[in-house]
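Just so you know, all these numbers are worked out from the coordinates, no wet-lab data involved. Since the structure is predicted, the reported quantities are computational estimates derived from the model, not experimental observations. Positions of Cβ are generated from backbone atoms using ideal geometry, with glycine treated the same way; all protein chains shown enter the neighbour counts.
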Amino acid sequence: MDAAKSALWIARGIFKSFPGVQALDDVSLEVFPGEVHALVGENGSGKSTLVKCIAGVHPRDQGELLYGGAPAVFHNPTEARAHGISTIYQEFSLVPTLSVAENIFLGNYRTRKGTGMIDWPVMRENTRRVLEELSLTLDPDAIVSTLSTAEQQLVEIAKAISIDSSLLIMDEPTAALGLTETKHLMDLIRRLTAQGKAILYISHRLDEVFEIADRVTVLKDGRRVATAPISELKVGEVVRMMVGFDVGLHYPKERNAQDHARLEVEHLSTDNGVRDVSFTVKVGEVFGLGGMLGSGRTEIVRAIYGLDRITCGHIRMDGKDVRFHSPAEAIEGGVGVIPENRKTDGSFLNFDGPKNITISRLDALLQGPWLSLSKERKIGETYVKKMNISPAAMERSVRYLSGGNQQKVIIARWLFSEARLLIMDEPTQGIDIGAKHEIYNVLNELTANGISVLLISSDFPELLAMSDRVAVVRDGHIFQIADGNRMSEVELISTASGITLDAEAAS
Amino acid sequence: MNWMQKYLRSTIAGPIIALLLIVVFVGLITPRFIHPQNLSNVTLQVALVAIVAIGATLVILTGGIDLSPGATVALVCCTLAHLVRKMGVPLPVGIILMLLMGVLLGFINGFLSSYGKIPSFIVTLATMNIYRGLAFAITGGITIFSVSPQLEPIFYGRFLGIPLPFYYVVILYGSAAVFLRYTVAGRSIYAIGGNESAARLSGIPVNRIRMLAFVIAGLTAAIAGVLETAWLDSGSAAYGSELALGGIAAAVIGGASLVGGYANILSSLVGALTVAVVQNGLNLHAVQLAWQDVTLGLVIILAVGVDMWRGNLGQYLGRLFKTAPEKTGD
C-alpha cells in the first residue's frame, strides 16, 4: 500500500446493535481515493448496516468515522451527503409518480436565482448529462413508474452520481441490470475512480467483484473476517470466508428428467409480445428460459399462467389440452408461480409463515365449512422442518424473515398446492450464496419428486448449470433449445443478443 | 416471552387500554355512569355504530373505504317507513325487503369498486349522495312518524333483563369474527388487503371477494337502518348521517389500518364502545353537542396515537427484554 496515499475514509471500531442482535461487532474499514473497495458477506453479515452507519442513516453505538484524518459525525443522510458520501440503495429510493429529472434532483432542485422556483430547462439539461454518463438515453420527463426495473436502477445510480461526492456507496447496483447495462456501469465506475472518487461496492455477484474491485473486505456475523487486495485472493477463498465452510463452486445439479412430457407449448402467440413459441418441458425437468432483459421470457410465462390473452397456439398439461384464463385456473391445473419480486408479488406481509403457505390451496384446510387452524399449524411445521425455514416463520409475520427464508416460504406454498409445474422467475436474486445453494437443493428435490420447473434467471452460469435444457428467447420468440451443459455462456449471450461476441469479451 | 409482551404485541391491546382508561376516567368524574339504567343507554347508543363498524372493518380490510352506510341507513329508514306506514306492507316483510335492499346497495358499491375499477372512496362518495337523495325523494323531505307498534320491542325489548340490541351486536360480531378467522372468504379478505397482486397470483378471486365485503357492509348498514327506525319509530332522510364516519372511526380506533390487511373485528367493537362511552359521559355532563364533536375528534387522535406509541412502548420494553414488537394481520 502506497504510504503517501492515505485513506480517504476510515471507519474504526464500529459497534451497532438492534433489539436482539449485534449487527456490527468492532468493524473497521478504510477506503482509499480512487479505489473500488468491495464489501461482501452473507445476508445478515452486517453489510447493509455498516453502509447505513457510514451514510448517516443509523446512529452507531460506538466507533468513529474519519474523513481525511478528521472525525466526521452525521446525524442524518443529508449531512452525510453534504460531506461527500452518496449512496445507491438496494431497494430503490425513487418516487414512482415523479419524472426522471425530478427523481435525480430530489431534494436538490436547481432553482432560478432569487425566485426559488424550479429551473426546468437547467434540470433537464443536467439530467441528460448525468444519464449520458451511464450511456442512457431516457426522456427526463418520463415518469419513473413507466420505466423497466433496469432503467429504474440506472436512474437510482444517476441520482447518486449527480452529487459531487468523494465516496460512492453502491449496494447491489446490478441486481436488476442486464449484461449491457452492467458493462456500462463498470465503465462508469472506472471513469469515476480515475477522477479520484472512492467506491464502496457491495454485491453478491462475486464475478463482478473480482472484475471491478481493487480490494475486498469480507464480513461474517457482524465481524470483519479479512481485508485484502483482490489480486491476492481466489473466489473459493472469499466464499469460504463468507460462509464459514467450503462451498464447492460447482452447482449441485441432479438430473431427474423423465421421458414423458409435462408441458407442451405449440406455436403460442399472445397479445403481449409472444410470437410463435414452441417447446416441451418433461416431467421432473428444469427447463430454463434464457435471454436479455425484455426478451419476452416473462411474457411467455404470463401466457402459461393465465395472465395474458393467447391469440393462437396450444398448451397441453400432462397430455390434456388446457387454456388458463386466470391464475386461479392455472393453479387448478397444477401450475404455480414464484414471481420475480417477492416483496410486491409474493409475500403477504400481514401473514405469518403458515398463512403464507396455505393461501393457494385453502380448501385443503377445510373441515366442513370451516378452516382448521390446527391443521394449518401442522402444515406450517412440516414445511419449516422439511425446507429448513427459520422457526420464527411460525409465529411472526414473514416480513421479519430474510430474503432467502421468504423465498422458501413461497416455494413451500406451491409445494403445498401440489403444483406439477413451477414457474420460478429469478429465484435467487438478491440472496446470499449459502441460501442460493439451499434453493438449488430445493430445485433438486422438486424434480426428484416429478415436479417440473420453468426457470428464468439472469444469472447465466446458474441458469445453464441448474437447467436440464435451456431455451434462448429474443423478441418473444425462441431461437435455440439445447442441453444446459452443452451450451456455453458465450453461445447463450450471442443467440440472446443476436450478435456474435468473441470468447474473451463474454467470459 | 412473558405474557406482558405477548399482550402488548396483539392488535387489540391498544384499543382496550384506551377504553379502560376512558371508562375509569369517566366513571370517576361521573357518578351516574355506572348506574344500570345508564349502562343500558350506552348499550343502545353503541349498537348502531357497532353494527355499521362491522361492514366498515371488512371494507377497510380489503384496502377500500365505504362512505355510504349513513345514507343507506337513511334510505332504509325512509323506505321501511313508507312501505309499512303508507303502503300497509306487513312489518316482517318490510324488514326482509330492507335487508335485501341493503345487499343490493352494497352490491352496487362493490361492483363499481372492483369490476368498475373506480376507487371505492369515489364510488361511495357518490352513492352516499345518491342513496340519501333517494331517501329524500321517497319521503318528500318530511318525517314519517308512527311507523308501526311492532317496531318498539325490536329495539326496546329485553331478554333476561338485557336490551335486545346487546344480543344483536354479540351475534353479529360473533358471526363476523368466525367468518374472518375460519372461512376461505374471510382469509381471502385479509390476503387482498395484505398484497393484492400476490393474492391474484395465488388464485384468489379478488374482484368477487371485494364485492362480498361491500355487500356485507350494505347488509350491516341495512340492519342498522331497521334498528334506527325501530329506535325512533319514524323514518327521515336526515337519519344516520353520523354513522358512516362513526363506523370508520370505530374501526380505526380499534386498530384497523387504512392500507388494508390489518384489523381485528373485535377491536372495532372496542372502538365503537370507546366512542359511545365518551359520548355518554359528555351527555351526562350536559355538554353541548358542538363540544361532543370536538371531543370525539380528540378521542380518535388519542386512541390511534396510543396504538402507534404502543409500538414504541413495546420497543422500549423489548430493549429491556431483548425482542422486537410487531404487527400481524389479526
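Most simply put, segment A:9-243 has about 60% antiparallel DSSP beta bridges, counting only bridges with both residues inside it.
For residue A:144, neighbours were defined as the other residues whose beta-carbon sits under 9 Å from its Cβ, and their charges (Lys and Arg +1, Asp and Glu -1) total -2. Between residue A:207 and residue A:250, the contour length at 0.36 nm per residue exceeds the alpha carbon distance by 14.1 nm.
Residue order for B:178, A:473, B:304, A:27, fewest other beta carbons within 10 angstrom first, comes to B:178, B:304, A:27, A:473. DSSP assigns beta bridges within the protein assembly as shown; of those with both partners inside it, close to 60 percent run antiparallel.
Listing A:309, A:240 from the residue with the fewest other Cβ atoms within 10 Å to the one with the most, what is the order?
Values: A:309 11, A:240 15.
If I rank by nearby Cβ atoms, fewest first, I get A:309, A:240.
Each Cα pair under 8 Å and six or more residues apart adds its sequence gap; the mean of these over the residue count of chain B is a relative contact order of 35 percent. Once the Cβ-Cβ distance of residue A:488 and residue A:381 is raised to the sixth power relative to R0 = 30 Å, the FRET efficiency obtained is 0.10. Among the listed pairs A:282/A:436; A:282/A:320; A:52/A:220; A:113/A:197; A:378/A:408; A:385/A:436, those with a Cα-Cα distance over 26 Å are A:113/A:197. Between residue B:258 and residue A:278, the simple spin-label model (points 7 angstrom out along Cα→Cβ) gives 5.6 nm.
Here segment B:37-321 is treated with +1 on each Lys and Arg Cβ and -1 on each Asp and Glu Cβ, and its dipole about the Cα centre works out to around 600 debye.
For residue B:117, the aspartates and glutamates whose Cα falls under 17 Å of its own Cα, not counting residues fewer than eight places away in the same chain, are B:66, B:196. Of B:12, A:389, the sequence from fewest to most neighbouring Cβ atoms within 10 angstrom is B:12, A:389.
With contacts taken as Cα pairs under 8 Å and at least 6 residues apart, chain A reaches a relative contact order of 15 percent. Relative to the Cα centre, the charge distribution of the protein assembly as shown, modelled as +1 at Lys and Arg Cβ and -1 at Asp and Glu Cβ, gives a dipole magnitude of about 2360 debye.
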